[in-house]
Amino acid sequence: MQWHGFNFPHQVGTSGDDPSCADFEEHFVEDNDIFLIGTDGFWDNLFLPSILDILRPFVRRSDDLFDPELIAEILGKETEKFSNMPGYMSPFAKQAQKYFHDYTGGKIDDIT
């Protein structure tokens, strides 16, 4: 993640950050790799182990996932559920506490 400061991410777009300030990373892709791309609202509410638990039943030993649209729907609904939980120690809440903010709960945000 790239931030200007806590809860103030870089954003590319109209009146946003210049794309040239983005990090550049190179990744080597192998057969059967799975890419999971999500908005901050997704990553602010689900921890990686929970995401993997949801994905695991859909992973085949062949070169594809079983029903990627269903996976996206399940992940979105799970994220929305946790975003509305006031007492949940979400990834966002843990990060907030690192920056000395008294925050618990999910974070209602864009979830894609």
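The values are calculated or read from the model by the stated rules, or taken from the named source; none is laboratory data. It should be emphasised that the depicted structure is a prediction, and the values quoted were computed from it without experimental measurement. We place every Cβ from the backbone using ideal geometry, glycine too, and count neighbours over all the protein chains shown. Accessible surface areas use protein heavy atoms only, side chains included; no ligands, DNA or RNA. Shrake-Rupley method; radii C 1.70, N 1.55, O 1.52, S 1.80 Å.
For region 42-112, which chymotrypsin sites (Phe, Trp or Tyr not before Pro) are both in a DSSP coil and crowded by at most 14 other Cβ atoms within 10 Å?
On the way: sites: F42, W43, F47, F58, F66, F82, Y88, F92, Y99, F100, Y103; in loops: F47, F66, Y88, Y99, F100, Y103.
Within region 42-112, the qualifying chymotrypsin sites (Phe, Trp or Tyr not before Pro) (loop, at most 14 other Cβ atoms within 10 Å) are F47, F66, Y99, F100.
Counting only the heavy atoms of the protein chains, how much of K81 is accessible to a 1.4 Å probe, in Å² to the nearest 10?
100 Å²
Just need log10 I(q)/I(0) for the chain at q = 0.12 Å⁻¹, Debye formula, equal scatterers on the alpha-carbon atoms, no solvent, rounded to two decimals.
So the normalised log intensities work out to -0.54.
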